[in-house]
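**Student:** Pasting a structure below so you can have a look.
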Amino acid sequence: MLEASLGKRGRIYATISGMDPRADWLLGPGRRDFLGSDDPATLIPCIIVLDQQLDINATKQGLLQLTVRAPVGRAPGREAEPRPVVMGFAPKAFFDELADPDGPFARLNQMGKTISLSSPIARSALPDWDFGGDRVPEVVPPDMGPPACPWPPGTVVIGVIDEGIAFANQRFRLAPEESRIEAFWHQDHPIMNPTSVDFGRELVRSEIEQLLKDHTKDDVLNETTLYRAAGLVDFTRPGHKAAAWRAAHGTHVLDTAAAIPPGCDARSRPIIAVELSPEAVVDTSFGLLTLPVLAGIEYILNRAALLTEEGQDPLPVVICLSYGMYAGPHDGSHAIEQAIDQLIQDDPTRRTVALPSGNSHLGRGHASFGFPAAQPLAEVALPLRLLPDDLTQSSVEIWLPFGGLTAPIGDRVQVALVAPRGLSVDPPVEWLGENTTAPLKIKDEAGNLVAWAAYTFMGPPTSRGVFTIEFRPTMRLAPYPADPPVAPAGTWSIRLRNISLPEAARVQAWVQRDDEPYGYPIRGRQAYFDHPRYVRFDARGEAIEADDHQLQKDAGDCPIKRRSHVNAIATGDLPLVAGGFWRREDRLAPTSAGGPVTPRAGGQLNADERKPDVLARTDRSRALAGILASGTADGSRVAFSGTSVAAPQLARKAAERLGKADSVSRAAIRDDVVGGNPAPDDEREGWGKI
């Protein structure tokens, strides 16, 4: 018999000011699924964004190893420091000590900050740290070497952070043995000693060109042996080998972003690439790419600065990050969004970032609703469908509206969970409120925890409350410890009860992404809201794309919304965001997400906050999906679809503008669109097509 009960013990890590709201689950019941093992020595990547300067080195007690010793690159003449950002790796013991208000990290515990956890990286890629002493790896600057000749006029550095980047592909070469890639960071490669990066391995242009020479015979490059020698495709190590596939996401994105404009010198588009580790991208259910992405951004800016000739202005940089997540605050306050806004703001005339708007428009992963003021204790039920054979955890975030800079004194909303089987239709329900310290737990017949819900107030810059609901996988594969706990597949009910929320206030709920990246074995199966009043298809069998469709309106008010399902790390103020359209039909791609972002700190939205900014081709037509770009092998062409191929097109357009010394602000990029001036209520079209 499944039963719901409030835990007798409060949450451990929630006592840490600004801690990741999912920390108690990820480091507690969900630890094995999150870390892949129960080894207490497993190192957990984390980002700590501080409100003030603090010498963490003086207080770390050997439990935290820092990987980045400088803030994201400062532009000349802009020396004002942003909130200090610390990137590090730590065992679970560090967070246990941090949670102790009287422990060695007491000051860090209480000071203003935000902490974000990231998915672990292979231990072989990390230095051999001595956590009980002072032994640290030797990090030396890379020998980038001077450019073969002065950079041509209009030179712009193209930076790409992705997975499966075939760096020796002919599309990224100037000549058979001359590379356009100035620096390549393989984050999953076993650490070298000495090293020029904090984890993984770096290859600079001279090393790539030596590999090209060593593996070319009779003017034919043996790509297989080259990538094996470089460690990019090493089947003696576990994990997915994206670059070994015929089609790889990173190669396609880089080819699309770094294509040479007609009439331009190929040397004017040097490349700096970051290869993410499989561990960072394989399980999208956590949405925990923060440290690898921010470290990649810092790396691209640092290496671009090294490429700048003495006495010259810094080379302009365009970074393409074709990744996204579903759940999050959607108000620009995510750690990745803050870092991106800061790096652009530091030098807005020479830096920008292109992001996809996401492919979740029809995913049934977003709910938006309010409560009628005339009905005390009014309830809204969100039916959540957990699919069978799901080998990964599922997660839902319910974000409450801004109510002040400090945590509310009383409950405004309460949440309950009802499992799909084992409970009567209307059992006594335990309610989780904003002032409940312990999580709400669901246990199976054997007493194993299979799901829980917890509330966290996220301080500045978010200043909003969030209910996080976590579910174990619905299936396990052997070998696994005896009696592996699994969550029942089926339709769960998330019940929300209003206590004091005003009628005009909106609650936003998001199901975290849980599908697999291209090429990976299917592990996660996407959970979704399965509301009876959500109408999916019209009379012709076409997907309904608008919430104001007549059939949807006839079905009655439905809390599950298509609009505002934009990528959760694409709601910042300054990055460029691309949606997608079908070229031949000249219409929006049905899955391309968009919508206004959530008002921050109680502010009001305006037209400039619509996302995406522009549309780019994601498909040739309804029948011909995707657009063509390079496969991993020389001369091959493959098709990829979705807004992840729209973002690199926008990056290429931004690079063309930077090459002409034109502005790349969100407002200026509209000068390049066609078919602009969309309807004010159409949040998916942006300002036109590029």
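**Student:** Given the conditions (1) farther than 30 Å from ARG525 by Cβ; (2) more than 16 Å from the chain's Cα centre (by Cα); (3) of a type outside the set (Asp, Glu), and given that ALA367 satisfies all but one, which numbered condition is not satisfied?
**Tutor:** Only one criterion is unmet by ALA367, namely (1).
**Student:** Report yes if GLY519 is surrounded by 12 or more Cβ atoms within 10 Å (Cβ to Cβ) and at positive phi, otherwise no.
**Tutor:** Criteria met by GLY519.
**Student:** Please specify each residue of the stretch 199-211 satisfying the condition of being outside any strand (DSSP E or B) and either out of contact with any Phe, Trp or Tyr (no Cβ under 9 Å at 6 or more places or on another chain) or over 25 Å from VAL86 (Cα atoms) (or both).
**Tutor:** ARG205, SER206, GLU207, ILE208, GLU209, GLN210, LEU211
**Student:** Residue under question is LEU384, and the condition is that it be out of contact with any helix residue (DSSP H, G or I) (no Cβ under 8 Å at 6 or more places or on another chain), assigned by TED's automatic domain parsing to the domain that holds TRP431 and either closer than 20 Å to PRO599 by Cα or not in a loop (DSSP other than H, G, I, E, B) (or both); does it hold?
**Tutor:** So LEU384 fits the description; yes.
**Student:** Go through the stretch 171-201 and give me each residue that's in contact with a Gly (Cβ under 7 Å, 6 or more places away or on another chain) and polar (S, T, N, Q).
**Tutor:** Across the stretch 171-201, the qualifying residue is only GLN187.
**Student:** Using the structure shown, decide if ARG617 is out of contact with any His (no Cβ under 6 Å at 6 or more places or on another chain), in a strand (DSSP E or B), on the phi < 0 side of the Ramachandran plot and not aliphatic (A, V, I, L, M).
**Tutor:** yes
**Student:** Considering each residue of the stretch 392-417, count those that are at pLDDT below 90 and of a type in the set (A, V, I, L, M), and give that number.
**Tutor:** Residues flagged as at pLDDT below 90 and of a type in the set (A, V, I, L, M) within the stretch 392-417 amount to 3.
**Student:** Exactly one condition in (1) of a type in the set (A, V, I, L, M, F, W, C); (2) surrounded by 14 or more Cβ atoms within 10 Å (Cβ to Cβ); (3) out of contact with any strand residue (DSSP E or B) (no Cβ under 7 Å at 6 or more places or on another chain); (4) in the same structural domain as GLY263 (by TED's automatic domain parsing) is not met by TRP151; state its number.
**Tutor:** For TRP151, the exception is condition (4).
**Student:** Right, another one. Test of understanding: among ARG540, ARG523, which residue is basic (Lys, Arg) and touching a residue at least 40 places away in the same chain (Cβ under 8 Å)?
**Tutor:** ARG523
**Student:** Could you look through the stretch 305-339, keep only residues that are touching a Leu at 6+ places or on another chain (Cβ under 7 Å) and β-branched (Val, Ile, Thr), and pick out the one that is surrounded by the most Cβ atoms within 10 Å (Cβ to Cβ)?
**Tutor:** This residue is VAL318.
**Student:** Of the residues ALA568, ALA593, ALA578, which single one is on the phi < 0 side of the Ramachandran plot, among the small types (Gly, Ala, Ser) and not in a loop (DSSP other than H, G, I, E, B)?
**Tutor:** Just one listed residue meets the conditions, ALA578.
The values are calculated or read from the model by the stated rules, or taken from the named source; none is laboratory data. Every value quoted in this text rests on a predicted model; they were computed, and no experiment measured them. Neighbour counts run over all protein chains shown; Cβ positions are idealised from the backbone, glycine included.
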